Structures are given as C-alpha cells and as structure tokens.
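Contents: one structure, followed by commentary.
Just so you know, all these numbers are worked out from the coordinates, no wet-lab data involved. Computed from a prediction, not measured in an experiment: that's the story for all the values here. Neighbour counts are summed over all protein chains in view; Cβ atoms, including those assigned to glycine, are modelled from backbone coordinates with ideal geometry.
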Number of protein chains: 2
Amino acid sequence: MASRGGRPRIGQVAALAGVSATTVSHALNGRRPVSEATRRRVLDAIEELGYRPNVVARGLRAGRSLTIGLVIPDITNPFYPVLARGLQDVLGPAGYDEIVTNTNGERDLERHALDKMISRQVDGIAFAVFHTHADDLRPVIDAGIPVVRLGGRQSLPGVDLVHSDDEGSAAEAARYLLRGGFRRIAFVCGPAAEGPAAERVAGYRTALAEAGVPVDPELVAYTEFSRAGGAEGVGRLLELPEPPDAVMCANDMMAIGAVDAARDRGLRVPGDLAVMGFDDIEAASLVTPALTTMANPAREIGRACARLLLERISGTVTGPSTEVIIPARLVRRQSA
Amino acid sequence: MASRGGRPRIGQVAALAGVSATTVSHALNGRRPVSEATRRRVLDAIEELGYRPNVVARGLRAGRSLTIGLVIPDITNPFYPVLARGLQDVLGPAGYDEIVTNTNGERDLERHALDKMISRQVDGIAFAVFHTHADDLRPVIDAGIPVVRLGGRQSLPGVDLVHSDDEGSAAEAARYLLRGGFRRIAFVCGPAAEGPAAERVAGYRTALAEAGVPVDPELVAYTEFSRAGGAEGVGRLLELPEPPDAVMCANDMMAIGAVDAARDRGLRVPGDLAVMGFDDIEAASLVTPALTTMANPAREIGRACARLLLERISGTVTGPSTEVIIPARLVRRQSA
DNA sequence: ATGAAAGCGCTAACAC
DNA sequence: GTGTTAGCGCTTTCAT
C-alpha cells in the first residue's frame, strides 16, 4: 500500500477515511453523489496525508494525458516564448499542461519530436516547423492526435492552421504611410518573395494600387533577413535616381539596419526617410528612433491555436482543416 | 486488444511477431538478451504496425515519468527562454522532457504549480520564484522530488541552488572600467540593495577598494529597475558636484535609460560618460551606442541546473544542499 | 450512497 | 532465451 517516494495513494486516503477507493475517487471528481459526511471525512483524510492524485495513472486509465505538445525550432527565438504563453493562457485554465521541444528547424529532430509526443500520449500538438512534410505527420494523424500548425501557409490535410495576416497587415502598414503623405514607398524583403514575404509584398502592392500610386518594381529590394541585410537593401534603394521617401522592411532587424543605412548617409529618420518594421520585437521600442512597426500577434496566435486544439480534442469541431488568420496591430512610434 | 485512437499496443506487436509482450519489451529496452532472429521479427512488427511505446504506462509502472517541471514567473521575460533551452540541452539527450508553467510571480500560482508538478509525477523541478517559502516546498520535498532553485540567494534546506556570480561579475565590470582609466565610477541599482543588487554593489566596492579608489557612497543611486529608473538615477548622479565619469547599471534596461539621460544632457557615451549594463539582453547589441555589459549566463545556469537535477535523480549526489555559481561573461561593445 | 473487481499499457519477478 | 503473472494508481462498470 505504501507508495514510492512516500507519496500517499488513494487507498491510504480511503483507509483513513474508512471508505473505499471508489468513494474517494468520486468525492474528488464528483461523478456520482457522495454523502456530505463521507465527503468531509475524505477531504480531511486527504488534507492529513497530503494526498495528491496521480495524474499519470489517471491519464493511463482515461486515455488522455491533459498534456499538449509544443514543437518549435527554438524557444530562444523571441517569437516562441510569446506564442507559448498564449497557448498557456487558454490551456492552463482548461487543465492542460504544455511540454515543449526544440527542433532547431532540423527535419530529423522534428520527426523525432513528433514521435516523442505520440509516445507521451499528448492530447494535441501545436507545431511550428519548416521541414515537415505531410508524410512526417502521418503517424500523428493516424494516432488520432489533433494537430495545429503555426505560421506557414500551405495547410496539410487534416491539420488546422493558424497564422498572422501578412498580406492584410502589410497593406495596413502601407496605407499608414500613404496617409502620412509618403508616395515613393519601398519594400525591403528577404532573398526571395516566397512564404510570408510574398504575402507582405502582395499587401504592399494592393495598398499602393488602391491609392492610385504606381508600383515601381525597382522599389522592391531583395536581401538577407538581418540587420546587415536591411542596411544593404536600403543602401541600394537610396542610390536609385528617384530614391524612396519611405521603406517598409520585412522584419524589425532589417528595419534597424535600414535606420543604420539612413543615418550613415546623413539622412534623418523619419524626416528624410520613414522606416517601418514588422514583428515588434522588444528592441523595437528601445532603439533610436523607436520603430513604428506591425506587431506580430504571437500571443493571439497561441491563444487561437489553443482554442482550436481544445475544440478538436473535445470533438466540438470535426470538419476538415480550419484556417485562422490573426490580424497584426499597428504600433506607432517614431520611425514613421 | 485494440487500443484507443487506433494506437497499437505492445500486445499487438507481440501477437504479430509471435512472441510474448515481455519479449517485445526486452527487445526494445535490452534489459535481457533476445535472440537476433526474434529481435528482427519484433522490430519488423513494430515497423509494420507503427508501434510507439506508451511512455505514460511505462512511467506508471516504473515510478518515474522522465519529465521535469520548470516553474517560472513568465516565459515571456527574455531570461527564461534561454534558461529553458539550457535545461533542454542537458535534459533532452538524457531522455527527459520539460513541462513549463508560468506563475506571474504570484505565490498562489507558485504553490498551485508545485502541486501540479507533484500530481504529474515529475522526476525533478527547476524553479525560479520569488514568493515561495520553505513551507510551500514541504510537499515537494516530502514527495521526494529533487528541486533546484534558480537565481535568488538564500538556499532552502534540501534544495539545491544555481545562480550567477553577481558579486564576481560586478567586480569584473568595475575592474574593466578601472583598466580603462575611469576613476569616478557610479553604480545605479534598484530600490534597495538587497538580493542580487546587493551582491553587485558589494562586488563593485571590492573592485574599487582593490584598486585603491575611494568608495564614495554618493555614487550609489537607488532607483527603479527600468529604463526610466536608469535615466532618473543617472540624472541625479550627473548633478553631483563631482559627477561620475562612468556608470554601472544593475541591468541593461537601466543602462539604456542611462544613455538616454547622458544624451539629453549633451554628453557623449562613452566619451563623457561610460555606461555598463548587466544581462546582455537582445536589445543591448541593437541600441546606439551598443551596450558593453556583463552577459547573464542564463543558458549555463539552465545546464548546470539540469546536471544537478539528473544527479539528484540518479542518486549520484546525495549530500545536503549544493550551491553552484556561474560566472558572467564580459561583452565589450561601444558604451564603455 | 457505497463497494468489489476489472483493466488502462507496460515491465519486473519468477518460472522454465 | 522466452513466457506467465502480478501490479504501478487510478476510474469505472456492475452490484448491492
């Protein structure tokens, strides 16, 4: 009867209260009536022994673990902690805990992490990965575990998708600049306009077109997703015969680089060149001038993901793949 | 025999391979010899069925969950993701996963999180909290779960402690400034010199004393742990009859505020006033001038914590509370 | 309103 | 080298 680590088990509580384990169980989760007197004795016994139900045993019996798995490239990347928190905002109150695994964006580790999640009997998986093919998800789907993919675009069959509204928020950013009177608005994006970057470029084009501003292809610079990349891209744009008066960057690091480049050439930001970023990383409010940017709604994405997961787990939602798109928020600061 | 969610269980593998469940088990974790031929058949059956052992059941049987709990105030605070990653660096290869809970620094939630960890049968707990008293840890200790406390100073009985070397690193920072020829070195710390702040002030004093530089009490400013606080503290210091030529700040946000204050007064950094931070947050390298700072060794702390936990779990270490102190690293950039 | 017994999926004695 | 049996701690029929 004595259990490992000296932890009391349900039988000891039952013995002390003079009832059966069954009754203790029901007193605890109220699935059938227990007389008030009995309940009191049980509760007292629990208190006295410091009993805490074994969630692992309960899970084994019930066929669910009250655990969800979060599979991400690297928790150290500032986007993911916020995402994780958003998940917990919703999952915690529902009684779920979250187990986190980093994959470094490597496909082998992603597959391995997925296997581990199955082994651990998680009730749902939130995953933000790049290299996973539909094949890799087969085992998870077959195991009947709901999966929500975070970010990315192409939805896998049987997998829900939550991501930010890249196109819409780029359009919103562009409209903000247009309202500010800027007319030669450039866009500094990554090496190739694919994935989110493509959406953002599309939104930018849409907004310009709406406003009747011609879209000059020369004003889209392809470069690296880094501070140096941003500086380099803006450097090239500023050498154009008709340089831009405003620049939208695909992320905040690039925007910081853009400010560097402007400063190096003696230009004032936003006086001579307005700069907008994307994401609203912590540093965005700390640099000088503080960055005007579109806040990446990481926390909202996490929450939406958690809600979807809970619905799938409870069977409230049963249809085919769902796609949830979360709008980004404009954060006005000094750079634009 | 068929299991939930269509997941195959060990019995099905056994049936397909024409052996007993025991043999499958041993083929899998090699605790007793299995003939090569049998092993092959088992492995083939596993492959064919896509079998993945149920870690929950295994854990129930074995009395360990291969899970450790991480209890922190808020994963959104940039220190903790790095810590979590450090833990995983060591825990992952050892087969452990990490379940993370945020407490918002509230004592009730901390207690609740600890209870949850016991219920979930975690094999160890890493916790970084403020309001937990020894009493709150009683249940965990009684349950025989190893606990390592992260940061903080006073070690609780039966609880190991890992933290950064605040005193030593403050001394190192001060020595760096002294080597740079600065002689009137100020320190901007939090509201009261308690906890880590006190250690840092002590290290600062030690280094000055070593160098034969008089320690002027006026040069220690007490203020808030924020950007505004840093600006305010430095503002006061600069109004002194003999203002400092260098300032050490208790964290990077305050250092950024210190730079603000200097700039507002037309002072150049580091020309007129050298500024040093603590922590090396991401923004430290992004602001202008980039901050010279003492890097908070969060990842190393996480690793050390994980090592300690594993040793406690395996029983390699059995003595009384251990204390591990991790040195911080000087990161030279522009501000000093 | 309460108990006894079976079983979730696995592994560790204890056989042979 | 392999199988049978019991049991980890819990919840849930099925009885009473």
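Details
- Placing pseudo-labels 7 Å out from each Cα toward the beta carbon at A:Glu210 and B:Asp115 gives an inter-label distance of 5.0 nm.
- Dipole magnitude for segment B:166-295: computed about the Cα centre from +1 point charges on Lys and Arg Cβ and -1 point charges on Asp and Glu Cβ, it is near 400 debye.
- If the segment from B:Asn104 to B:Arg263 were pulled out straight at 0.36 nm per residue, it would be longer than the present Cα-Cα gap by 53.8 nm.
- The protein assembly as shown, helix-only ellipticity at 222 nm - DSSP H runs n ≥ 4, -39,500 (n - 2.57), divided by all residues, nearest 500: -13500 deg cm²/dmol
- Backbone N within segment A:207-231 under 17 Å of label point (7 Å from A:Arg183 Cα along the Cβ vector): A:208-217, A:219
- Neighbour counts of other Cβ atoms within 10 Å put B:Glu36, A:Glu300 in the fewest-to-most order B:Glu36, A:Glu300.
- Neighbouring partner chain Cβ atoms per residue of A:58-66, average, 10 Å criterion: 4
- Largest mean-square fluctuation among A:Ala255, A:Ala27, A:Ala192, in a Gaussian network model of chain A whose springs join Cα atoms under 10 Å apart, belongs to A:Ala27.
- When both segment A:109-160 and segment A:177-254 are represented by their alpha-carbon centers, they are found 34 Å apart.
- Volume per residue of the convex hull around the Cα atoms, evaluated for segment A:166-295, comes out as 88 Å³.
- For GluC sites (Glu not before Pro), the sites in segment A:116-205 that DSSP calls loop and that have at most 14 other Cβ atoms within 10 Å are A:Glu194.
- Cα long-axis angle, helix A:196-210 against chain A (0 to 90 degrees, to the nearest 10): 50 degrees
- FRET efficiency, 1/(1 + (r/R0)^6) with R0 25 Å, evaluated for B:Asp89 and A:Ala290 via beta carbons: 0.15
- Angle between chain A longest axis and helix A:36-49 axis [Cα atoms, degrees, rounded to 10]: 70 degrees
- Of the GluC sites (Glu not before Pro) found in segment B:81-121, those in coil by DSSP whose Cβ has at most 16 other Cβ atoms within 10 Å are B:Glu106.
- Computed over chain B, the alpha-carbon pair-distance distribution with 20 angstrom bins reads 27, 42, 22, 9, 0, each value a whole percent.
- The angle between the Cα long axis of helix B:166-179 and the longest principal axis of the Cα atoms of chain B comes to about 40 degrees, rounded to the nearest 10.
- Beta bridge orientation in the protein assembly as shown: antiparallel %, DSSP, nearest 5: 10 percent
- B:Tyr222 versus B:Asp272: modelled label distance in nm, points set 7 Å from Cα along the beta carbon direction: 2.9 nm
- Efficiency of FRET from Cβ geometry, B:Arg32 and A:Glu282, R₀ 35 Å, rounded to 0.05: 0.05
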